[in-house]
Amino acid sequence: MNVQKIKNGLVIDHIRAGTGLRIFNWLKLDRAQFSVALIMNVSSNHLGKKDIIKIDNVIDIDYSILGFIDPDITVNVVEDEFVTRKITLTLPEKVSNIIRCKNPRCITSSEQGIAHEFHLVDRKRSEYACVYCDELYRAGIGEFL
Ligand code: CTP
Ligand code: ZN
């Protein structure tokens, strides 16, 4: 499938097939006034199938949250139609107010106004632990606040 190249903006590539739409919505691209494209189920050498998002506008993205959603994503910065930078993502060491601790006995469940904070405990397994009660979470878009 052929999709036009963008002029100035971002190409979010190597998105695990099936999560592109949720990332598209999380970035509020459904309300964009500039050109955007969501391409789903593109054949990829190392992923089998992948999704791609093209944004023909310079926008700010929280790369730490994007890395939490999917650390295998590559963000291509495009300037004057050329890729000038490839940003590779990683799982962030800490996430604050992205996922919620589900332990009913956790202080964040019984008291309001406390930040939901997790820290990375196992990078290979994408596993995070609540800093207050050690409840474990697997990173990914399914675990969003
Ligand atoms: N791209 C685009 N518009 C441009 C330049 C690039 O939409 N003006 C897109 C390409 O279609 C591709 C992505 O940005 O989907 C990355 O481009 P490029 O680095 O040229 O491709 P690859 O070398 O295949 O990338 P990688 O090795 O990271 O898979
Ligand atoms: Zn907790």
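The values are calculated or read from the model by the stated rules, or taken from the named source; none is laboratory data. This one's a predicted model, so the numbers in the text were calculated from it and none came from an experiment. Ideal geometry is used to build each Cβ from the backbone, glycine not excepted, and the neighbour counts take in all protein chains shown.
Listing for the model above:
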{"read-out": "Test: residue in region 42-64 that is over 19 Å from residue 11 (Cβ atoms) and within 16 Å of ligand 1 (Cβ to nearest atom)", "value": "yes"}
{"read-out": "Filter result for residue 134 (within 13 Å of ligand 2 (Cβ to nearest atom), acidic (Asp, Glu) and either without any contact (Cβ under 8 Å) to a residue 24 or more places away in the chain or part of a loop (DSSP other than H, G, I, E, B) (or both))", "value": "yes"}
{"read-out": "Helices (runs of 4 or more DSSP H) lying entirely in region 1-112 (those with 1 or more residues that are surrounded by 13 or more Cβ atoms within 10 Å (Cβ to Cβ) and more than 16 Å from ligand 2 (Cβ to nearest atom))", "value": "20-26, 63-69"}
{"read-out": "Filtered residues of region 98-113 (kept if modelled with pLDDT of 95 or more and either of a type in the set (Val, Ile, Thr) or in the same structural domain as residue 66 (by TED's automatic domain parsing) (or both))", "value": "107, 108"}
{"read-out": "Qualifying residue in region 46-54 (condition: free of Cβ contacts under 8 Å to residues at least 60 places away in the same chain, under 11 Å from the mean Cα position of the chain (by Cα) and more than 21 Å from residue 29 (Cα to Cα))", "value": "no"}
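Here's the yes/no breakdown for (1) closer than 27 Å to residue 123 by Cβ; (2) in contact with a Ser or Thr (Cβ under 6 Å, 6 or more places away or on another chain):
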position: 18; (1), (2): yes, no
position: 32; (1), (2): no, no
position: 50; (1), (2): yes, yes
position: 56; (1), (2): no, yes
position: 72; (1), (2): yes, no
position: 78; (1), (2): no, no
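Condition check ((1) at pLDDT 95 or above; (2) among the hydroxyl-bearing types (Ser, Thr, Tyr); (3) closer than 19 Å to residue 141 by Cα; (4) out of contact with any His (no Cβ under 9 Å at 6 or more places or on another chain)) across all residues:
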| position | (1), (2), (3), (4) |
| --- | --- |
| 19 | no, yes, yes, yes |
| 35 | yes, yes, no, yes |
| 38 | yes, no, yes, yes |
| 47 | no, no, yes, no |
| 59 | yes, no, no, yes |
| 64 | no, yes, yes, yes |
| 70 | no, no, yes, no |
| 75 | yes, no, yes, yes |
